[in-house]
Structure formats: C-alpha cells, structure tokens
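Each remark here refers to the structure printed beneath this line.
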Amino acid sequence: MNYKTELNENQFEAVTTEAQHVRIIAGAGSGKTRVLTYRISYLISEMGVAPWKILAITFTNKVANEMKTRVLKMVDESITKDLTIRTFHSFAAYFLRQEIPVIGFPASFTILDEEDQTKLVKDIAASMGFKRGDKIVGKALGYIGKQKLLGKYPDDIKIVKPMFEDEKTCLEIFQIYEEEKYKNLSLDFDDLLLQTNFILENYPDIRIKWQQKIDHILIDEFQDTNDVEYKMINLLKKPYSSLYVVGDPDQTIYTWRGANQKIILDLDKRYPDMTTIILDRNYRSTQVILDSANKLIAYNKLRLKKDLYTEARGGDAIVTNSSMSGRMEADYVAREIKSLTDYKGYSYKDIVILYRSNFVTVDFETALTRYKIPYKVFGGMKFYQRREIKDVLAYFHLIVNTRDDISFSRIINVPKRGFGETSESLLKAEAEAANKSLYEYVRDVDPKDSEIKPSLINSAKSMVKLIEIAREDIKKNEEVFSKILHDMIWSIGYYEYLKQDDEEEDRKKNVDALFEDIRHYLKSNPSSTFDEYLQNIALLSSQDDVVEGDFVSLMTVHTAKGLEFPIVFIVRFAQSIFPNQRAMEEGGYLGMEEERRLAYVAMTRAREKLYLTTNPDYSFVAGGNLVPSQFFKESGNEILNNRDIMFRSVPRPQIQRPKVYHFDDGDHLDFEKEKKPSTPIFDDVRNDVDDWKVGDIVIHKKLGKGVVVALEGDDIIKVNFEEHGEKSILGTHPSVSKGGHEA
C-alpha cells in the first residue's frame, strides 16, 4: 500500500511517525478514523508489530466494528484475528472475565444496565420505607453515579458535614446497593472500569502480565476520556509502550458525563517528548462554513489553536433567519426544506434539524407534518408522546369528555394522591357497579358510601372540582383557554409534582412549550374551539407517514456528534436556549465554553448548506422574549428577519423584505422597526392592536367595556370589565377593540 499517495501531508506524518507519545489534534471532518485505521495497518504491515500487541480504544462499539473491518481489508485477515479494538467498557469486561476471580467474584457475573440499576434502587428505597417513586430514588442514582465517576465506593466516603439534603440517606442506599449487587453477582457499567483499575492497581503480577501484552495503545475521541478511564490507560501502559491519542478539544461536549478536557490539553506536560500533529484540512464542509465555525471557536481560551480549511474553496453563504414567532420560524424551515427537495435536487435524507434541547421540537414537528414532510426524531420521543405532555393532555381530555377512563386512570395519582393498585382497583369496581365513568363516580359519590378511604376520595374530588371549574371558565371565555388551562395545571399541583423528578427542568420546559403551542394555535386560529385544538393534537400525534430511509432527521447536537449531512438547520438559536441558561449558570465560563463547542460541533456537521434560525417570541423557558444567540455575532453572521406575515398556504418559499438585528457595543440586540403589511392575509386573524397599555379602554363584543389593568405578555391583557370583573383576554382578538385611554 502506498500510504503517501492515499493521505495528505499531515495525515501521512500522523500515520508513519516513530514517536513514542503522539497526540493527534483532529479537527471536524479531517479524516481521524482514516488516520487511526491506517496507523494500525502501518504498525502491522510496515513496522512488524504483532496485532495482539495492539490495543485500540474507541468511543462506540459501532465505530470499533467499522475500524476493525477497515483494517481487515488492508491487512491479511489471518494476521489480524487477535487485534483488539474495543470501547473502554468492552475492554474492561473482557479483562474482568479473565481476572475478576482474584477478588473472589466469578467470571460469570451479570452486567446491570440502567433499567436494572433503577429497579434495584427503587426496591431498596421501598425496603427503607420510601415509595418507589420517591425523589430519593433519583437522588440516590445520581449520587451513586457521581461517586463512581470519582472512583469511590461507600467505604471511601466519610460524611462529616452533608453536602446536600439526604446525602446520608443516599450513602446508605449506595451501601445496600453494593451489597445487593454482590449477592446477585452483578456489576454495573461503572464497576467494570473501577474493578479493572482495582485489580491492576492492587495485583502487580496481573498488571505486569497485561502490560507485557500491550506495546501500542491507541485511543479515539480522546477529548471525551474521563479520569477513571485515563487511570486505566496509565495502569496498562508500561514505560516503553507507545501511546497514540486522537481527539479534538474543540469537540469536548460530554463534561456532564465526566469527560475531562484537561487530559488531552495537558498530555504534553505528562510526556515532555510528546509529538503533536494537527489535522486541520477538512474533507466535509465548504470554506464558508469552516470560516464561520473557526471564528466562533476562536472565542474559547481552553483549546489548542487551529483553523480548519478545505481545498474546495467557496460555497453557499450561511443563511440566517429570525421569524416573528416560534411557529413562523418552524414554518420558514419547513418551506425551505420543501424548496430544497422540490426545486434544488436534494432528498429529505440529506437534511437534519439540530437543536440544543428536545423541548423545542414541537413547532417543527407541527410544521413538518403540515407540509407533509416525512421526519424522524432521534434521541427522544415525539413531543406529544412524552410522559409529562401525555399527563397534561389527559387532564385536557377530561375537560371535554368525562367518560374518558383511560385519561382518568393516567392522572388519578399524578400528582400523588395516595392511590395505589388496590385503591384504584376498588374505585374501578365501584364505578362499574354504579354504571358511571371513573370521573363521574368520583364527582358524584358521597365518601361515606365508598369503601375507599375518605381522604383518597376527597383528594380525587378536589382534582375533579378543578377540572369542572376550568370547563366552565372555558365556556365563558374560550378565546383565552391557554391561560385557563395553565392555571388549572398549576392549581392541580403538576408543576410542584415535576420538582420531584430528576429531569424536572426538561419536563417543565416541555410543559411550558405545550402552553406556548396552545397560545400560538389560538393566535393563528382565533375562531377555533378548545375541542378543535385537541382534535388537531390527536391527528398530529398519530402521524406515521414516514418513508423508510428518506426523511428529515431531528436530533440534539449531542446526538449528531460524529454525523454529517449536506444540509443542516440549527434552530431556536437564542440566548437561554442555545447557549443553555442552566449550563451557563452552573458552569460559569467553563459552561459557556462547552456551549460554544456544542455550537461548533453543530455547524461542522454541514457539508454544503448551513441555516441558523431564531425568533423573538415570548418563551416560558427563557422567562421573557427571546433574543438571538450571541453565537451569531461570534461566528460572523448577521441575522435576517422575515416580515410578520401569516401564510394561508405557501407551496414554495417567497422572497420577503428582511429586517436586521444590529449588535451594539454592549452585545445587546435591537429590532429595526418595520411597517406592517397594509392588508393582512387573514382578515379575521388580528385586530391590528399591539400596543396595549395599562389604563386603555377595551370594548369587547361579548363582555362589554373594561379597562386594561395589567399586561401579561404574548398579547394577553388583563381587563377589569364593568359587568364581568377581571378577565385575561387576547389583545389581538378580532372581537376586541380599543376605546381610548382612561382619564
């Protein structure tokens, strides 16, 4: 094989170097997998290294298998049968099957997966008097995982002053958890690494045996290595072994899983003879995309400087867009996709929509469905199928249909009301005997006539009463049913219930996003009813019209790591969302650097065309109106806006006059004002009043005259009506007009 003709200059140097310690800084799309496979082939075929003397570590089993297949094609398969290419966990399991008997554990141990771990911790919590769904379960699981990332077991932990509430209880559960695992002859994923390190560290004869086996250690995605994994490598490496690592500090996006970026950045301090080779020629993206990504990542301080370039110069300009609402942003993306596939020769499979967090998908799923664009969500369920969304929708369904036992059963104990399997079964039996639905039976029954505890019946009655109130309020004032529904869910205690969940923030954001969805639907369809909204949701959630293989992909940036697409849309590119507010608050400067690395990874997934989109809509998640992400400016991109026009039906994108966001010296953003269209496309959609102030007089076709007493955001105003008292209404609704200002 002629390595020199098949590799570029830097790749050739990386493959053929004779240095003992080598650090390859491989930029996105620079051919790192190619370099690793060619390096293994070169070691075997040109340097005479025995395959069984090589240990290659990869990030996923899929990549491990792909690499081995490639090497087998380059080198005689009979020679490479003993070549070891594994993930850290796979290697540790392989090691323990041979060596774990030394600590009195059988080689036939069972490996617990995440679900097994959760069930075990729930059982332990229940045995201690907690409920299986108690928040202590999630706390304990998180505590166990964190301690093992630090390389600690219960005996290594001494609590002098608890670091958080329930730490002592978590440590007790951790202790029992380890005892139960031992009884069951089981290990969890973290144990694989920790027990491997324990044996290597405490049994010198075994450590020396394995060190003698390995002359060359090669590690892929080295920037994602954690301290426990790094310790394993140092225990396996003898003084004259070769260490060859490939990674990119600019793509470290898993610190929340324990990845330690300092390991790759400071490796030359541990090995002063370290040879560092930078792969900066990109074979994926256009130069336009690379220039923008280079500008962005240059703002990070914790990195090894490099600028990606490509021999293929030029490329399409990056497209930026800020629509006037989240729905219009999604509509813009869907229309662009239709144009790309209908008129530009692209297939759906060429396109990916990337986002920072799963909760933003609702608008985009709705728009893609409306335009009959096939799509698939990776790394998460469809929005309307998520647990918390189905919980809230179950309450909504009971407003419309009191005989919906399926919805009632789902939420009878959500939030917790004390109903268990026995009491729920008894409730069903009594309702059936009374020939009533569960809802109707709870509403009508006298607690004295039921065998169920009065406290449980009364708790369920309180829930039903709140649903009854919401139903009556919607009948009186259907045009603002989004606020009525929000108030009901809050009163029921669902938001408090979410606080008991380890994923509280994401679930709360999803619920907030649902209410944003309702508000947008109401604004776009002001004459529709609550029933129609629910019908719309039902049709959307049952959509399964996906052409196998040829679909638009939707995924988080984390999920997209290692993938590439001709066309990439990075959506909801706004402060608090991307970069993520919590990451910035908890991580400070380091958190911001990781958010910037995430954006860099997202941008470098694109081969040909890159879109960056946002909107200035009100967001429950951000707690106010969105402003464009600072990453627009940092990546050298100006933001173009669509006019505030609602489209009845748009078969293909239309050219619209943009308006621009300008960055001032303080990195704040201002809208360039623009006149509204003289004639709205929907004559009955809005009343053209968008400047309500406290004290304005309101004339409502049904409720009469009133005065604005508060502005509640997103066009909702609170009005004190002369005959009907205070009500929240949609200020842009066609039934509302302004009658001047109160003196």
Residue hits (region 559-587; within 14 Å of Phe378 (Cβ to Cβ), modelled with pLDDT under 90 and surrounded by 17 or more Cβ atoms within 10 Å (Cβ to Cβ)) are Thr559, Ala560, Lys561
Failed condition for Gln195, given (1) surrounded by 13 or more Cβ atoms within 10 Å (Cβ to Cβ); (2) farther than 14 Å from Leu112 by Cβ; (3) polar (S, T, N, Q), with all others met? (2)
Run Lys262 past the list (1) closer than 28 Å to Asn65 by Cβ; (2) within 26 Å of the chain's Cα centre (by Cα) and report the number of the one that doesn't hold. (1)
Filter region 462-477 for residues that are in contact with a helix residue (DSSP H, G or I) (Cβ under 6 Å, 6 or more places away or on another chain) and of a type in the set (D, E, K, R) and give the result. Arg471, Asp473
Counted residues in region 608-627 being surrounded by fewer than 23 Cβ atoms within 10 Å (Cβ to Cβ), in contact with a Ser or Thr (Cβ under 6 Å, 6 or more places away or on another chain) and part of a strand (DSSP E or B) come to 0
Can you name the number of the only condition in (1) open to solvent by 80 Å² or more (accessible area, probe 1.4 Å); (2) closer than 17 Å to Pro101 by Cβ; (3) among the aliphatic types (A, V, I, L, M) that Ile208 fails? (2)
Determine, yes or no, whether Asp307 is touching a strand residue (DSSP E or B) at 6+ places or on another chain (Cβ under 7 Å), part of a loop (DSSP other than H, G, I, E, B), open to solvent by 60 Å² or more (accessible area, probe 1.4 Å) and more than 20 Å from Ile518 (Cα to Cα). no
First in region 445-461 and touching a residue at least 40 places away in the same chain (Cβ under 8 Å), second anywhere and charged (D, E, K, R) and in a loop (DSSP other than H, G, I, E, B), Cβ under 6 Å, 6 or more apart: Ser459/Arg417
Could you run through region 413-436 and say how many residues are part of a loop (DSSP other than H, G, I, E, B) and more than 25 Å from Leu514 (Cβ to Cβ)? 5
Being among the hydrophobic types (A, V, I, L, M, F, W, C) and either more than 27 Å from Thr33 (Cβ to Cβ) or modelled with pLDDT under 85 (or both) is the filter here; which residues of region 542-558 pass it? Val546, Val547
Any chance Arg410 is at pLDDT below 90, open to solvent by 40 Å² or more (accessible area, probe 1.4 Å) and in a loop (DSSP other than H, G, I, E, B): no
When region 371-393 is examined, which residues are found to be in a helix (DSSP H, G or I) and either open to solvent by 30 Å² or more (accessible area, probe 1.4 Å) or at pLDDT 85 or above (or both)? Gln385, Arg387, Glu388, Ile389, Lys390, Asp391, Val392, Leu393
Per the filter on region 240-273, residues free of Cβ contacts under 8 Å to residues at least 12 places away in the same chain and either of a type in the set (Phe, Trp, Tyr) or buried (at least 22 other Cβ atoms within 10 Å of the Cβ) (or both) are Trp256
Would you kindly identify the strands (runs of 3 or more DSSP E) lying entirely within region 647-743 that contain at least 1 residues that are surrounded by 14 or more Cβ atoms within 10 Å (Cβ to Cβ), more than 33 Å from the chain's Cα centre (by Cα) and at pLDDT 50 or above? 696-700, 704-711, 716-721, 725-730, 736-741
Which residue pairs have Cβ atoms under 8 Å apart, sit 6 or more places apart or on different chains, and have a first residue in region 722-743 that is free of Cβ contacts under 8 Å to residues at least 24 places away in the same chain and farther than 14 Å from Asp690 by Cβ and a second that is among the aliphatic types (A, V, I, L, M) and assigned to a strand (DSSP E or B)? Glu726/Val709; Glu726/Val719
Which is of a type in the set (Lys, Arg), in contact with a helix residue (DSSP H, G or I) (Cβ under 6 Å, 6 or more places away or on another chain) and surrounded by fewer than 17 Cβ atoms within 10 Å (Cβ to Cβ), of Arg327, Arg313? Arg313
Matching residues in region 131-172 - criterion: being part of a loop (DSSP other than H, G, I, E, B) and open to solvent by less than 70 Å² (accessible area, probe 1.4 Å): Gly133, Asp134, Gly151, Tyr153, Ile157, Ile159, Pro162, Asp166
I'm trying to understand the selection: among the residues of region 336-362, which are in contact (Cβ under 8 Å) with a residue 40 or more places away in the chain, open to solvent by 10 Å² or more (accessible area, probe 1.4 Å) and assigned to a helix (DSSP H, G or I)? Glu336, Lys338, Ser339, Asp342, Tyr343, Tyr348, Lys349, Asp350, Asn358, Phe359
Among residues of region 363-389 being in contact (Cβ under 8 Å) with a residue 24 or more places away in the chain and among the aliphatic types (A, V, I, L, M), the residue farthest from Ala583 (Cα to Cα) is Ile373
Output the residues belonging to region 437-469 that are part of a loop (DSSP other than H, G, I, E, B), open to solvent by less than 80 Å² (accessible area, probe 1.4 Å) and farther than 20 Å from Asn401 by Cα. Asp446, Ser450, Ile452
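Which one of Leu72, Leu36 is surrounded by fewer than 20 Cβ atoms within 10 Å (Cβ to Cβ), among the hydrophobic types (A, V, I, L, M, F, W, C) and in a helix (DSSP H, G or I)?
Leu72
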Phe95 versus (1) among the aromatic types (Phe, Trp, Tyr); (2) under 21 Å from Ser41 (Cβ atoms); (3) in contact with a Phe, Trp or Tyr (Cβ under 8 Å, 6 or more places away or on another chain): which is the lone unmet condition? (2)
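What do you reckon, is Tyr439 among the aromatic types (Phe, Trp, Tyr) and out of contact with any Leu (no Cβ under 9 Å at 6 or more places or on another chain)? Break it down into steps so the answer makes sense when it comes.
Working: among the aromatic types (Phe, Trp, Tyr): yes; out of contact with any Leu (no Cβ under 9 Å at 6 or more places or on another chain): no.
For Tyr439, the condition - among the aromatic types (Phe, Trp, Tyr) and out of contact with any Leu (no Cβ under 9 Å at 6 or more places or on another chain) - is not met.
The values are calculated or read from the model by the stated rules, or taken from the named source; none is laboratory data. Because the structure is a prediction, the values reported are computed rather than measured. Here the Cβ is made from the backbone with ideal geometry for all residues, glycine too, and neighbour counts use every protein chain on show. Just so you know, the surface numbers come from the protein's heavy atoms only, side chains and all, with ligands and any DNA or RNA stripped out. Shrake-Rupley method; radii C 1.70, N 1.55, O 1.52, S 1.80 Å.
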